[in-house]
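Undergrad: What follows is a structure written as structure tokens; I'll ask about it next.
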Amino acid sequence: MKKMSRMQELLEIMATLRDPKNGCPWDKKQTFDSIIPYTIEETFETVDAIERQDWADVRDELGDLLFQIVFYSQLGKEQGDFDFDDVVGAICDKLVRRHPHVFGEKDADGNPLQSADWEGIKAQERAQKAAPDATLSLLDDVPNALPALGRATKIQKRCASVGFDWDAIGPVAEKVQEELEEVMEEALMVDVNQARVDEEVGDLLFAVVNLARHVGTNPESALRKANLKFEKRFRQIEMKLRENGKNLQESQTDELENLWQEVKRDEGNKAV
């Protein structure tokens, strides 16, 4: 008897968990909508493990993430819409289709007869999916559910692919400064309109994402690292205060700022 692959084993475990008679009560009651939060959580846990370079944890988290895909595939199979093989087939077809320069025909010297055109091919796919009377937009398939920073980046990249973009970093930086000034103008009004402040802060964030894109930085990753750095420094301030028998509530702003600068100096000395 041919040994079952581990992938097939996972699929059969999933089917057993969903078995109407003998399955797990929790797994049996789940739906596409109910497991979305778990998919998001597992995605971020995978990213966290990668950023920590804990490779054993990365392996485990990737397994958890794979289980989410298998779960959705089982639900699709039960509804008669698709199964795991369909999911795998779809991504295989898409990767080959979007890489004609890799998988397409080659000339006698082995050079591809078609050039890479990722965005052009995606545009063709959007046109094929659209209804006959639909008004096509370059932004049609940018998911609304993406985190705001990621969606802003995707929107900007999509527009840049057709030339709607600055070709130098100077105007991008100037736009950030302009948006910051507009935030301060609204925030310093005698009668502050919070809706206007929120709008201007949103414009500022969008401009900062654009600056990050132009300097080759992923804003989501950069902000995550900034969060971790701030958290690490803040915890060290708390530790220093405890060593002196104090707490945050008893400390003055100047003292906290001095401790912050001290923590930064300590980091610099350790880096040398």
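Undergrad: Return a yes/no flag: does the range 13-26 have any residue that is part of a helix (DSSP H, G or I), without any contact (Cβ under 8 Å) to a residue 12 or more places away in the chain and of a type in the set (D, E, K, R).
TA: no
Undergrad: Hey, any hits in the range 15-22 for a residue that's over 24 Å from G150 (Cβ atoms) and among the small types (G, A, S)? Explain how you work it out, then say what you get.
TA: First, the residues of the range 15-22 that are over 24 Å from G150 (Cβ atoms): 15-22.
From what is left, the residues that are among the small types (G, A, S) are 15.
For the range 15-22, residues over 24 Å from G150 (Cβ atoms) and among the small types (G, A, S): present.
Here's the yes/no breakdown for (1) at pLDDT below 95; (2) over 20 Å from the mean Cα position of the chain (by Cα):
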{"residue": "F44", "(1), (2)": "yes, no"}
{"residue": "Q53", "(1), (2)": "yes, no"}
{"residue": "L65", "(1), (2)": "no, no"}
{"residue": "Q68", "(1), (2)": "no, no"}
{"residue": "Q79", "(1), (2)": "no, yes"}
{"residue": "D85", "(1), (2)": "no, yes"}
{"residue": "V88", "(1), (2)": "no, yes"}
{"residue": "V96", "(1), (2)": "yes, yes"}
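Undergrad: Between residues in the range 58-70 that are under 13 Å from E41 (Cα atoms) and residues that are among the aromatic types (F, W, Y) and part of a helix (DSSP H, G or I), which pairs lie under 7 Å by C-beta distance while being six or more apart or on different chains?
TA: Matching pairs, first to second residue: Q68/Y38.
Undergrad: Residue check, T39 against (1) closer than 30 Å to N227 by Cα; (2) of a type outside the set (A, V, I, L, M, F, W, C); (3) exposed (fewer than 14 other Cβ atoms within 10 Å of the Cβ), all met but one. Which one?
TA: (3)
Undergrad: Identify, please: which residue in the range 222-256 is acidic (D, E) and surrounded by 12 or more Cβ atoms within 10 Å (Cβ to Cβ) and is, among those, farthest from I50 (Cα to Cα)? Walk me through how you get there before you give the answer.
TA: Just the residues of the range 222-256 that are acidic (D, E), to begin with: 231, 238, 243, 250, 254-255.
With surrounded by 12 or more Cβ atoms within 10 Å (Cβ to Cβ) added as a condition, the list becomes 238, 255.
On the way: E238: 28, E255: 36 Å.
Ranking the qualifying residues of the range 222-256, first place goes to E255.
Undergrad: Has the range 205-216 got any residue that is exposed (fewer than 13 other Cβ atoms within 10 Å of the Cβ) and either at pLDDT 90 or above or under 19 Å from R151 (Cα atoms) (or both)? Explain how you work it out, then say what you get.
TA: Narrowing the range 205-216 to residues exposed (fewer than 13 other Cβ atoms within 10 Å of the Cβ): 215-216.
Subset that is either at pLDDT 90 or above or under 19 Å from R151 (Cα atoms) (or both): 215-216.
For the range 205-216, residues exposed (fewer than 13 other Cβ atoms within 10 Å of the Cβ) and either at pLDDT 90 or above or under 19 Å from R151 (Cα atoms) (or both): present.
Undergrad: Would it be correct to say that V190 is over 20 Å from K157 (Cα atoms) and either part of a helix (DSSP H, G or I) or among the aliphatic types (A, V, I, L, M) (or both)? Steps first, answer last, please.
TA: On the way: over 20 Å from K157 (Cα atoms): yes; either part of a helix (DSSP H, G or I) or among the aliphatic types (A, V, I, L, M) (or both): yes.
When the stated conditions are applied, V190 passes them.
Undergrad: If you don't mind, there's one more thing I want to ask. Quick check on Q79: is it of a type outside the set (F, W, Y) and touching a residue at least 12 places away in the same chain (Cβ under 8 Å)? Step through it out loud before you land on a result.
TA: Working: of a type outside the set (F, W, Y): yes; touching a residue at least 12 places away in the same chain (Cβ under 8 Å): no.
The answer is no for Q79.
Undergrad: Then there's this: I'd like the full set of residues that are under 15 Å from the mean Cα position of the chain (by Cα) and either without any contact (Cβ under 8 Å) to a residue 40 or more places away in the chain or surrounded by fewer than 17 Cβ atoms within 10 Å (Cβ to Cβ) (or both), limited to the range 151-171.
TA: Once the filter is applied, which keeps residues that are under 15 Å from the mean Cα position of the chain (by Cα) and either without any contact (Cβ under 8 Å) to a residue 40 or more places away in the chain or surrounded by fewer than 17 Cβ atoms within 10 Å (Cβ to Cβ) (or both), the range 151-171 yields R151, K154, I155, K157.
Undergrad: Spot the failing condition for E42; the list is (1) free of Cβ contacts under 8 Å to residues at least 12 places away in the same chain; (2) charged (D, E, K, R); (3) touching a Leu at 6+ places or on another chain (Cβ under 7 Å); (4) under 26 Å from A145 (Cβ atoms), and only one is missed.
TA: Failed condition: (1).
Undergrad: Now for a different question. Quick one: which of E262, E174 is surrounded by fewer than 15 Cβ atoms within 10 Å (Cβ to Cβ), among the acidic types (D, E), under 28 Å from the mean Cα position of the chain (by Cα) and on the phi < 0 side of the Ramachandran plot?
TA: On the way: E262 fails: under 28 Å from the mean Cα position of the chain (by Cα).
Result of the check over E262, E174: E174.
Undergrad: In the range 204-262, how many are within 30 Å of C159 (Cα to Cα) and not in a helix (DSSP H, G or I)? Reasoning before the result, please.
TA: Applying the first criterion (within 30 Å of C159 (Cα to Cα)) to the range 204-262 yields 204-227.
From what's left, not in a helix (DSSP H, G or I): 215-218.
Number of matching residues: 4.
Undergrad: Within the range 219-263, how many residues are touching a residue at least 40 places away in the same chain (Cβ under 8 Å) and touching a Leu at 6+ places or on another chain (Cβ under 9 Å)?
TA: 3
The values are calculated or read from the model by the stated rules, or taken from the named source; none is laboratory data. All values derive from a computational prediction rather than experimental measurement. With ideal geometry, Cβ positions are generated from the backbone for all residues, glycine too; neighbour counts draw on all protein chains shown.
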